[in-house]
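J.: Let me give you the structure first, and then I'll get to my questions.
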Amino acid sequence: MNPILVINTGNTSTKIGIFNMTDPIFVESIKHSDDELGRFKTINDQIGFREQLILDFLSKKGVDIKDLKAISARGGLLKPLKSGTYLVDKSMIRDLIEAKRGLHASHLSAQIGFQIAEKTGIKCFIVDPISVDEFCPLARYSGHSLFERVMLSHALNMKAVCKRYADESGRKYKDLNLLVIHLGTGISVSIHEKGVMVDSINSSEEGTFSPDRSGGLPILQVLRYAIENNVEYKSFSKKLFGGGGLQSYLNTKDFMKIEEMYKSGNKKTIEVVNAMAYQVAKDVGGMATVVNGKVDNILITGGMAKADFLVDLISDRVSFIAPIKLYPGEDEMKSLAEGVSRVLSGEEVYKTY
């Protein structure tokens, strides 16, 4: 038995899992009400509260933290990093607390994991954080010397499905050119050339719109709107990131509701969803050119990949590029366990921050 504790903190929940290497023993989610979290001024103030919930939960499950072999925690908005499994150390904790690239609930995962690991003398790791950056030099150009494209993506899930596909097909990730579509609250499209994610759409500010993100917008219209309305950056960014996309057009980001509206024949919903699929397909076509069209497979993953009608809308436009393989859902917990398992088994050497 090689138990790994997996921690994945979100805005309104804390997911906890115990894995025997890659085999789940249990995976559960603790929900947090607005009242519970509202008493904390900042996300970092929640550390003690969430850590104690995790320890109490493990105790109820009969798990002794002294028996753990390692801890795997969700990574956050860290400095640009190569793909891999990283040891959590004090310098990483400092950067997570300072949050110079932005503060996110995922920052709590490694902080809590590190504190538990210190109590037991084991190591805590993160796997393929949001800030994984393997851009090729040409991909960094934005179009103006004042700005540079930034790689922030659903790297954890996208890298994991690439490796799963490679294993299933009896080939090596480093020998394949794979195009990955992550259909989640944010939509990322990435191209993996011989095991390296050389380009990706940053769903925070580029590409297609998604359930609550605006994606790329006509820049001069945005600039004019911001100046004429004297908008403040923080509130305006929330309008685009959180209040954009399907939320903006349909007044909901709940894709289950949107699917019902779509299938009931609501004309506006049908057009908006088709437009989203159209934009995804355009991003896919653009990414295929990075490898001169030599794409071995297109992998579609994320929560919205469970919606057959959406997958069909995208597939109809991109299936000419390469065969399509579905990996519906966002199995971040298993992906986190897999990364640490590769380290424990000697298949992968962990990186230092």
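J.: Run through the DSSP bridge list for the chain and note the antiparallel percent, rounded to the nearest 5.
T.: Of all bridge pairs located within the chain, approximately 60 percent are antiparallel.
J.: Taking neighbour Cβ counts within 10 Å as the exposure measure, how do LEU299, LEU179 sort from fewest upward?
T.: Taking fewest neighbouring Cβ atoms as first place, the list is LEU299, LEU179.
J.: Mind listing which GluC sites (Glu not before Pro) in the stretch 254-353 are in a DSSP loop and have 12 or fewer other Cβ atoms within 10 Å?
T.: Working: sites: GLU259, GLU260, GLU271, GLU330, GLU332, GLU338, GLU347, GLU348; in loops: GLU330, GLU347, GLU348.
The qualifying sites are GLU347.
J.: Could you check the simple spin-label distance between VAL27 and ASP67, using points 7 Å along Cα→Cβ, in nm with one decimal?
T.: 2.1 nm
J.: What is the distance in Å between the Cα centroid of the stretch 245-295 and that of the stretch 1-35?
T.: So the separation of the two Cα centres works out to 31 Å.
J.: Would you calculate the convex hull of the Cα atoms in the stretch 86-202 and tell me its volume per residue in Å³?
T.: For the stretch 86-202, the hull spanned by Cα atoms encloses 138 Å³ per residue.
J.: Connecting C-alpha atoms closer than 10 Å in a GNM of the chain, tell me which of LYS263, LYS306, LYS69 has the biggest fluctuation.
T.: Highest fluctuation among the options: LYS263.
J.: If you don't mind, another one. How large is the dipole of the stretch 24-141 about the Cα centre if only Lys and Arg carry +1 and Asp and Glu carry -1, each at its Cβ, rounded to the nearest 20 debye?
T.: In debye, rounded to 20, the stretch 24-141 gives about 240.
J.: Rg and Dmax of the stretch 155-328, Cα atoms, in Å?
T.: Gyration radius and largest Cα-Cα distance of the stretch 155-328: 16.9, 57 Å.
J.: Treating cross-link reach as a plain straight distance, find the aspartates and glutamates whose alpha-carbon is under 20 Å from the alpha-carbon of LYS174, omitting any fewer than eight places away in the same chain.
T.: Once the sequence-local aspartates and glutamates are set aside, what remains near LYS174 is ASP128, ASP133, GLU134, GLU193, ASP199, ASP296, GLU338, GLU347, GLU348.
J.: Taking only C-alpha pairs under 8 Å that are 6+ residues apart, what is the relative contact order of the chain in percent?
T.: Relative contact order comes out at 17 percent.
J.: Next up: State to the nearest 20 debye the size of the charge dipole of the stretch 155-328 about its Cα centre, where the only charges are +1 on K and R beta carbons and -1 on D and E beta carbons.
T.: 200 debye
J.: Restrict the search to the stretch 78-151; then list the trypsin sites (Lys or Arg not before Pro) that DSSP places in a loop and that have at most 12 other Cβ atoms within 10 Å of their Cβ.
T.: Here the trypsin sites (Lys or Arg not before Pro) that fit, given the DSSP loop and packing criteria, are LYS82, LYS100.
J.: Can you tell which of GLY329, VAL27, MET287 lies farthest toward the positive end of the dipole of the chain, using +1 and -1 charges on the Cβ of basic and acidic side chains (Lys, Arg; Asp, Glu)?
T.: MET287
J.: From the residues ILE130, SER13, SER345, which one has its Cα farthest along the dipole of the chain in the positive direction, the dipole being from +1 and -1 charges on Cβ of Lys/Arg and Asp/Glu about the Cα centre?
T.: Toward the positive end, the furthest listed residue is ILE130.
J.: Taking the Cα centre of each part, how many Å lie between the stretch 38-62 and the stretch 125-146?
T.: Measuring centre to centre over Cα atoms gives 33 Å.
J.: Would you please name the chymotrypsin sites (Phe, Trp or Tyr not before Pro) within the stretch 268-327 that are DSSP coil residues with at most 14 other C-beta atoms within 10 Å of their C-beta?
T.: Values: sites: TYR278, PHE309, PHE320; in loops: PHE320.
Hits after loop and neighbour filter: PHE320.
J.: Excluding residues fewer than 8 places away in the same chain, name every one of the lysines whose C-alpha is closer than 16 Å to that of LYS239.
T.: Once the sequence-local lysines are set aside, what remains near LYS239 is LYS253.
J.: In percent, how large is the relative contact order of the stretch 155-328, given Cα pairs closer than 8 Å and 6 or more residues apart?
T.: 25 percent
J.: Could the peptides 21-31, 226-236 be put in order, highest first, of the mean number of other beta-carbon atoms found within 10 Å of their residues?
T.: Highest mean packing first, the order is 21-31, 226-236.
J.: Set the Förster radius R0 to 45 Å, insert the Cβ-Cβ distance between ARG224 and ASP308 as r into 1/(1 + (r/R0)^6), and round the FRET efficiency to 0.05.
T.: Numbers: r = 40 Å, r/R0 = 0.89.
For R0 = 45 Å, the calculated efficiency reads 0.65.
J.: Using the charge dipole of the stretch 160-228 (Lys, Arg: +1 at Cβ; Asp, Glu: -1 at Cβ; taken about the Cα centre), state which of THR185, MET197, PHE209 has its Cα farthest towards the positive end.
T.: Highest projection toward the positive end goes to MET197.
J.: Still on this structure, I have one more. Between the stretch 151-177 and the stretch 182-234, what is the separation of their alpha carbon centroids in Å?
T.: Answer, in whole Å: 23.
J.: Quick one: work out the % antiparallel among DSSP beta bridges in the stretch 155-328, nearest 5.
T.: So the antiparallel bridges amount to about 55 percent of the total.
J.: Grab the DSSP H runs of the chain that are 4 residues or longer, score each as -39,500 (n - 2.57), total them, divide by all residues and round the 222 nm result to the nearest 500 deg cm²/dmol.
T.: -11500 deg cm²/dmol
Laboratory data are not the source of any read-out in this text; all were calculated from the coordinates shown. Bear in mind that the values here come from a model prediction, so they are computed numbers and not experimental data. Using ideal geometry, Cβ is built from the backbone for each residue, glycine included, and neighbour counts are taken over all protein chains shown.
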